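**Student:** This structure is in structure tokens; I'll ask about it shortly.
The values are calculated or read from the model by the stated rules, or taken from the named source; none is laboratory data. Being a predicted model, the structure only gives us computed values, none of them experimental. FYI the Cβ positions are ideal-geometry reconstructions off the backbone, even for glycines, and counts take in every protein chain you see.
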Amino acid sequence: MRILTGGFSHESNSLNPIITGEEDFVVLRNDKVAGEAVLSRHSSAGIIETLKREGADIVPTVLARAVPNGVVSASFYHKIKTEVLDRAREALKQGPIDGVCLALHGSMKVEGGLCAEGDLCGALRQILPDIPFTAALDMHATITPALLRAVDAFAGYKTAPHVDSYETGELAAGMLLKALGTGKKLYTAAQHIPMMIAGEKSETAAEPMLSLIAACRELEQAAPDRPAMLAASLLLGFPWADCEHNAVTVLVSAFEEDSNTADREARKLAEEFWRRRGEFKFRTEYYNSKEALAVAYAAVLEQGERPVFVSDSGDNPTAGAAGDATEFLEELLATIDQADRLPGPLLYCGFYDAPAAAACAKAGEGAEIDITLGGNWDKLNGRKIPLRVKVKKIVNDFGPYHSVLALVSYRNILISITSKHIGFGDEDLLPALGVNAADHCLVVVKLGYLEPCFRSIAARAILATSRGCANEVLESIPYRKVRRPIYPLDNDMEWRPPSAT
Ligand SMILES: [Zn+2]
């Protein structure tokens with residue numbers, strides 16, 4: 001049994017002007033696809049290890065992955081697509097391929113607006129027309145008609161923050177193996193719900209996602225009145241891409257003989273999701289940038305809480321924002337006298353600014369230099385801010401993306417700067433700079449909901465609905481392509497799921 005596999009994952013924020021290019025991706029080819037530790041918890045590892053365990057022969061193609069960012073360069077996308085297709089054609093010359101299982105995100109966009117996954121899977125389907133084809137998707141996948149036509153069955157993440165990527169890969173591979181083992185055809189029922197949801201309102205530890213996901217898990221078990229569905233997934237879409245396909249999608253994958261049940265259950269899930277639309281809310285206290293700072297200063301200085309975390313959430317690189325918006329920084333500098341009164345340095349993690357990181361690395365630890373911070377990319381929500389800083393620490397070649405890290409101080413503020421667009425929620429980043437966030441009374445981080453490494457130490461978490469390419473206030477984003485009506489932009493709209501998919 002020969003199974004073609006690989007993956008191409010990116011969450012592309014079309015509001016961010018950065019073009020994500022070849023240098024931003026980690027790309028593994030051929031045999032390396034099956035054995036790279038850097039992606040050990042990724043859905044691709046779940047797929048490959050499941051297939052191997054069941055004795056399948058892996059036909060590896062390409063595994064390419066980058067941190068969320070702006071849309072993907074057209075030339076790089078087509079290069080990787082061509083490699084995947086060439087590899088499939090070559091493998092066919094050596095014998096039949098029995099199935100395909102890919103690790104995808106689902107919201108990768110290419111320069112010019114192309115929805116990548118539907119295009120890639122559609123092209124692969126032309127080469128491999130009659131074999132079962134399954135895919136693992138991120139919960140924030142945007143489901144297009146082209147993707148539904150190309151792929152037979154899907155498994156989406158069931159957790160946000162995402163901690164079940166590996167298990168989702170196992171489920172996707174398992175469906176393929178069941179189809180091959182039984183000779184039964186696969187089927188997917190889809191229901192698109194006209195809704196967009198900011199990620200920070202849809203954590204799966206809280207309602208309504210908690211019980212909606214529980215309903216998905218229940219469907220994957222047999223019940224007295226119906227067989228088990230192979231996978232039931234809620235794909236929430238990605239609101240920071242301006243795309244005609246933006247929506248929440250319910251996908252229920254099953255054997256074709258159970259298609260009526262899959263249709264009925266997808267419709268029921270969609271109805272329930274829509275009924276509970278008003279319950280998607282921020283789980284932490286939230287304010288605009290100015291108010292968030294005022295609340296945070298009071299928490300530290302008057303209530304003695306520490307560390308207090310403030311998310312500069314509009315510029316969250318893990319949601320594909322540029323990481324160099326300065327709206328929050330400008331509010332912070334406007335209140336610098338209060339920051340100076342804090343009992344210890346305020347920590348700001350941080351800024352994606354390659355020129356500033358290079359200048360700090362060149363000057364060296366201990367140097368005092370003039371830099372500008374931010375505003376290289378997100379010029380709508382920021383500008384270059386001139387600062388005279390002291391370079392406290394430099395780290396070269398950090399992590400799989402080989403970033404320079406710099407830690408600088410400006411008055412009572414410590415700021416981390418990265419030369420690569422790698423985000424700031426990485427639990428290894430601050431230790432590499434010799435910083436322990438728990439030692440700081442006030443920590444600002446360009447992130448939405450706090451990653452577990454921060455959440456576990458935060459005495460209080462405050463969400464600043466700051467401006468940036470991942471603006472949490474969707475109603476304020478000037479969408480042009482998103483189909484209307486859509487909730488919550490059209491707050492009082494009516495909707496019922498159509499009975500046929
Ligand atoms: Zn996601």
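**Student:** Among the residues of region 110-140, write down those that are out of contact with any Ser or Thr (no Cβ under 6 Å at 6 or more places or on another chain), closer than 17 Å to residue 231 by Cβ and within 16 Å of the ligand (Cβ to nearest atom).
**Tutor:** Of everything in region 110-140, those that are out of contact with any Ser or Thr (no Cβ under 6 Å at 6 or more places or on another chain), closer than 17 Å to residue 231 by Cβ and within 16 Å of the ligand (Cβ to nearest atom) turn out to be 117, 135, 137, 138, 139.
**Student:** Could you say whether any residue in region 443-454 is of a type in the set (A, V, I, L, M), closer than 21 Å to residue 204 by Cα and outside any strand (DSSP E or B)? Please lay out each step first, then the result.
**Tutor:** Of all residues in region 443-454, those of a type in the set (A, V, I, L, M) come to 443-445, 447, 450.
Retained after the next criterion (residues that are closer than 21 Å to residue 204 by Cα): 447, 450.
Applying the additional criterion that residues be outside any strand (DSSP E or B) yields 447, 450.
Within region 443-454, one or more residues are of a type in the set (A, V, I, L, M), closer than 21 Å to residue 204 by Cα and outside any strand (DSSP E or B).
**Student:** Right, here's the next one. Within the group 327, 291, 265, which residue is surrounded by fewer than 16 Cβ atoms within 10 Å (Cβ to Cβ) and among the acidic types (Asp, Glu)? Spell out how you get there, then give the answer.
**Tutor:** Values: 327 fails: surrounded by fewer than 16 Cβ atoms within 10 Å (Cβ to Cβ); 265 fails: surrounded by fewer than 16 Cβ atoms within 10 Å (Cβ to Cβ).
Only one candidate qualifies: 291.
**Student:** Further question: Which is among the hydrophobic types (A, V, I, L, M, F, W, C) and away from the ligand (no atom under 16 Å from the Cβ), of 66, 103, 34?
**Tutor:** On the way: 66 fails: away from the ligand (no atom under 16 Å from the Cβ); 103 fails: away from the ligand (no atom under 16 Å from the Cβ).
The conditions single out 34.
**Student:** Output the residue which, of all residues in region 151-164 that are surrounded by fewer than 24 Cβ atoms within 10 Å (Cβ to Cβ) and touching an Asp or Glu at 6+ places or on another chain (Cβ under 8 Å), is farthest from residue 233 (Cα to Cα).
**Tutor:** It comes out as 161.
**Student:** Count, please, the residues in region 171-208 that happen to be part of a helix (DSSP H, G or I) and farther than 29 Å from residue 54 by Cα. Please lay out each step first, then the result.
**Tutor:** Of region 171-208, the ones part of a helix (DSSP H, G or I) are 171-182, 199-201.
Now drop any that are not farther than 29 Å from residue 54 by Cα, which leaves 199-201.
The qualifying residues number 3.
Rundown of residues vs (1) modelled with pLDDT of 90 or more; (2) of a type in the set (Gly, Ala, Ser); (3) buried (at least 16 other Cβ atoms within 10 Å of the Cβ), yes/no style:
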site: 3; (1), (2), (3): yes, no, yes
site: 7; (1), (2), (3): yes, yes, yes
site: 13; (1), (2), (3): yes, no, yes
site: 34; (1), (2), (3): no, yes, yes
site: 40; (1), (2), (3): no, yes, no
site: 46; (1), (2), (3): yes, yes, yes
